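Asks: Mind having a look at this structure? Questions to follow.
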Protein chains: 2
Amino acid sequence: MSDAVPLVNDLFLRALRREPVERTPVWMMRQAGRYLPEYRAVRSGSNFLTMCRTPALAAEVTLQPIDLIGVDAAIIFSDILVVPEAMGCFLTLDEGVGPQFPTPIRSAAAVKGLRTIDPYTDLGYVLDALKLVKRELNGRVPLIGFAGAPWTLASYMVEGKGTKQFAIAKKMLFEQPAVAHDLLDRLANAVGEYCVAQVEAGAQAIQLFDSWAGALGPNEFREFALPYLARAAKIAKTAGAPVIVFAPGATWALDEIADATQADAIGVDWHIAPAQARKRLGNRAVAVQGNLDPCTLYAPIAEIERRTHAMLDEFGPIGHIANLGHGILPDISPAHAKAFVRAVQQHEWPTVSESEMIAAATATVGAQ
Amino acid sequence: MSDAVPLVNDLFLRALRREPVERTPVWMMRQAGRYLPEYRAVRSGSNFLTMCRTPALAAEVTLQPIDLIGVDAAIIFSDILVVPEAMGCFLTLDEGVGPQFPTPIRSAAAVKGLRTIDPYTDLGYVLDALKLVKRELNGRVPLIGFAGAPWTLASYMVEGKGTKQFAIAKKMLFEQPAVAHDLLDRLANAVGEYCVAQVEAGAQAIQLFDSWAGALGPNEFREFALPYLARAAKIAKTAGAPVIVFAPGATWALDEIADATQADAIGVDWHIAPAQARKRLGNRAVAVQGNLDPCTLYAPIAEIERRTHAMLDEFGPIGHIANLGHGILPDISPAHAKAFVRAVQQHEWPTVSESEMIAAATATVGAQ
């Protein structure tokens, strides 16, 4: 689709394409979240699911970190569990308990009973929120859509709620692998098509979150997570926008994820040093996104700055989108979040080779 | 110390020394646990902490998996939190809630208020249990003592209870690093000396559990976990028994852990393929222990056997102690646990080179 309003700040999209950039772009996972008093004010008048389902509220909190923190991309306020809900899993979200599916999916019959979704009608409220945000952003920064990856959604649907060990979901993989494959198959298509719909509604990039990738060992990751993540990513890519894949806890598989998904960027969690992540990806044509430990934002501001600069130096200037290595925590001070974003935006590269200077100069001209 | 009764089955100790063995030894983390009806019977009449503090009860459940499952080593029934408790942290353990320290350690003053322990008096009940088990084992299999590693204990003491993100404990690392170092320093000495006392009471090997190693990124692991784990391991080794170090979630650091701790064996969690773990350890003179995903025991028995044999083939016959890659889960059927143990004990090596045959023959003669 064509974007009527040209982007003022397209650093994020250019970094995704591994083009030279004047500076590294930055955003934060969960940037529209509880660490912001302005978010808590909206949240106090409404529950989380109502916020997701009300485009005006979702749009309002999506825009807050753009205005207040100055990040280089917006990500739509929503939840990964809207897809299972649209497939017919009744979802509850009580204060202090977290999201729950009171009727978990644990049998072949339960999987067969799931609906095939039409994202345009079933998840129209997210698409409406994207359109609204896109209009209100008016080209300031790009807008990211997102979805949960099949394994992560399946594990929630089977467990029925959050868990530390995922023993119930993993039990299905070992005890009833055919049922698990059927569930994952349906999810891969639903997630892929939902991402396409988000791009058509205005999302300029898509991030797939395989948040529970780390619950699987290598054999199970390769059998139950990666193929379905890859299929969802490939369907998403048919819409023409770049795709970022983030599979925290599976840093050992960064190279396999890049190969299988053909993603434009790979999210990197904080368990791995930036140089190691780059090394594991080798000379693949893929950007990286990450990876400051969110707990770093508890440190004094000078220390946040020091570590942010060190991270940027280690990732290097090309094909890197600065981010945290996980979502920002709810008790972080907005001043500390701002210090992180500002440190990225004011970073000076310690040494620049001649070829990099030429590349940077060309890029600056091209952007004007 | 000298062992009055010679061991009938010393496979575990020989594998720790990377000597040739007729077959790979096997035990399971949490093998004295809730998956056994016989354990639940003892547990129904007593609470967990009382079981830890009553040598006769601790000894009874320690011996159950030797008799019932046929593992090649016993590990004393206890809990890693007995050390913080001995240091003055009041510990509660309510059903369904898990262990808690109602007064968490979050300030310099709180750390300074901790007691220096004398393991011989403060933890005499564990030492008595070790002596009792040693007597009742009567040389059937070796006895393992254990302790939590400093970072893992510190994170519990600071959080006050179990957690997913360890944000409070990590906040201390970033906000008050000097306080964290003071706490870790005290813990390293306490843990090391407690391990020495366990060996003197009869433990023939020590396992250090850095269960929350995976909560730290590389920088923090190297600053706050590894040096203190290494010091505890080195103090433990002065008692003369082999030391196993298990730091789940830090598979990226297997080589660094081996170098820093000089452990005899490195525990391997299920996040990494056996061949990868061996590769990361290179030609270091260290044994490995692990690493079947505990959820594998949900699979049908034929599948448990297939995967166990595949794991053994991948680790190879020398310097490997078969184990799960994490504690056995409470809802596993004892028949499936037994199937795992039996599969290890009946494993036939697919191809044996001439030098390996000679080595095995020599070892068999030596053991008789």
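Values quoted throughout were computed directly from the atomic coordinates according to the rules given, and no laboratory measurement underlies them. Every value quoted in this text rests on a predicted model; they were computed, and no experiment measured them. For neighbour counting, all protein chains shown are included, and Cβ atoms are generated from backbone atoms with ideal geometry for every residue, glycine included.
Asks: Run down the aspartates and glutamates and flag those whose C-alpha is under 20 Å from the C-alpha of B:Lys237, throwing out any fewer than 8 positions away in its chain.
Replies: Those aspartates and glutamates meeting the cut-off are B:Asp3, B:Asp10, B:Glu19, B:Asp118, B:Asp185, B:Glu193, B:Glu200, B:Asp210, B:Asp255, B:Glu256, B:Asp259, B:Asp264.
Asks: Among the trypsin sites (Lys or Arg not before Pro) within region A:110-166, which fall in a DSSP loop and have no more than 15 other Cβ atoms within 10 Å of their own Cβ?
Replies: Numbers: sites: A:Lys112, A:Arg115, A:Lys131, A:Lys134, A:Arg135, A:Arg140, A:Lys161, A:Lys164; in loops: A:Arg115, A:Arg140, A:Lys164.
Hits after loop and neighbour filter: A:Arg115, A:Lys164.
Asks: Also, I was wondering about something else. With a ≥ b ≥ c the root eigenvalues of the C-alpha gyration tensor of the protein assembly as shown, is it rounded (a/c under 1.5), prolate (a/b larger than b/c) or oblate? List each step's numbers first, then the result.
Replies: Details: a/c = 1.82, a/b = 1.67, b/c = 1.09.
Note, shape of the protein assembly as shown comes out prolate.
Asks: Using just the helices of chain B, give the 222 nm mean residue ellipticity in deg cm²/dmol: DSSP H runs with n ≥ 4 each add -39,500 (n - 2.57), and the total is spread over all residues, rounded to 500. Provide the component values of the computation, followed by the final result.
Replies: Details: 17 runs with 174 residues, N = 368.
It comes out at -14000 deg cm²/dmol, rounded to the nearest 500.
Asks: Quickly work out the B:Arg140-to-B:Leu68 label distance, labels modelled 7 Å from Cα along the C-beta direction, and quote it in nm with one decimal.
Replies: 1.3
Asks: To continue, here is another question. Can you check what the net charge comes to around B:Lys279, using other residues whose Cβ is under 13 Å from the Cβ of B:Lys279 (Lys, Arg +1; Asp, Glu -1)? The partial results should precede the final answer.
Replies: Numbers: positive: B:Arg278, B:Arg280, B:Arg284; negative: B:Asp255, B:Glu314.
It works out to a net charge of +1.
Asks: If you take every residue apart from A:Glu38 with its C-beta less than 14 Å away from the C-beta of A:Glu38, what net charge results, scoring Lys and Arg +1 and Asp and Glu -1? List each step's numbers first, then the result.
Replies: Numbers: positive: A:Arg34, A:Arg40, A:Arg43, A:Lys338; negative: A:Glu60, A:Asp67.
So the environment of A:Glu38 carries a net charge of +2.
Asks: Under the classification rounded if a/c is under 1.5, otherwise prolate if a/b is larger than b/c and oblate if not, where does region A:285-326 fall, given a ≥ b ≥ c as square roots of the Cα gyration tensor eigenvalues?
Replies: Oblate, because a/c is 1.5 or more while a/b does not exceed b/c.
Asks: Could you tell me which of rounded, prolate or oblate describes region B:97-136, using a ≥ b ≥ c as the square roots of the eigenvalues of the alpha-carbon gyration tensor, with rounded for a/c under 1.5 and, failing that, prolate when a/b is larger than b/c and oblate otherwise?
Replies: Working: a/c = 5.97, a/b = 1.96, b/c = 3.04.
The shape class here is oblate.
Asks: For region A:222-235, take each phi angle, set θ = phi - 60°, evaluate the Karplus expression 6.51 cos²θ - 1.76 cosθ + 1.60, and give the result in whole Hz per residue in order, putting x for glycine and proline.
Replies: Result, ordered by residue: 6, 8, 10, 9, 4, x, 7, 4, 5, 5, 4, 5, 5, 5 Hz.
Asks: Compute a Gaussian network model of chain B, connecting alpha carbons closer than 10 Å, and tell me which residue from B:Ala339, B:Ala205, B:Ala225 fluctuates the most.
Replies: Comparing B:Ala339, B:Ala205, B:Ala225 in a Gaussian network model of chain B, the most mobile one is B:Ala339.
Asks: Could you check the simple spin-label distance between B:Thr103 and A:Phe90, using points 7 Å along Cα→Cβ, in nm with one decimal?
Replies: Going from the B:Thr103 label point to the A:Phe90 one covers 4.7 nm.
Asks: Could you name the aspartates and glutamates whose alpha carbon sits less than 16 Å from that of A:Lys338, not counting residues in the same chain fewer than 8 places away?
Replies: A:Glu38, A:Asp67, A:Asp72, A:Asp293, A:Glu303, A:Glu305
Asks: With a 10 Å cut-off between alpha carbons and a GNM built on chain B, which of B:Leu132, B:Leu68, B:Leu36 moves the most?
Replies: Ranking B:Leu132, B:Leu68, B:Leu36 by mean-square fluctuation puts B:Leu68 first.
Asks: Taking every DSSP beta bridge with both residues inside the protein assembly as shown, roughly what % is antiparallel (nearest 5)?
Replies: On the way: 8 of 54 bridges.
If we restrict to bridges inside the protein assembly as shown, about 15 percent are antiparallel.
Asks: Please enumerate, by chain and number, the lysines with C-alpha under 17 Å from the C-alpha of B:Lys161, excluding those fewer than 8 residues away in the same chain.
Replies: Answer for B:Lys161, where 17 Å is the Cα cut-off: A:Lys164, B:Lys170, B:Lys171, listed by chain and number.
Asks: Most fluctuating residue of B:Gln346, B:Gln100, B:Gln262 in a GNM of chain B with Cα springs under 10 Å: which is it?
Replies: For chain B, modelled as a Gaussian network with Cα springs under 10 Å, the answer is B:Gln346.
Asks: Note down the net charge around B:Val341, summing +1 for each Lys or Arg and -1 for each Asp or Glu among other residues with Cβ under 15 Å from its Cβ.
Replies: Working: positive: B:Arg23, B:Arg30, B:Arg140, B:Arg307, B:Lys338, B:Arg342; negative: B:Asp67, B:Asp72, B:Glu305.
Spelling it out: positives minus negatives among the neighbours equals +3.
Asks: Now for a separate question. Once the piece of chain linking B:Asn219 and B:Thr50 is laid out straight, how much longer is it, given 0.36 nm per residue of separation minus the C-alpha distance between them? Before the final figure, lay out each step's value.
Replies: Values: separation 169, 0.36 × 169 = 60.84 nm, distance 3.89 nm.
Between B:Asn219 and B:Thr50, full extension yields 57.0 nm more.
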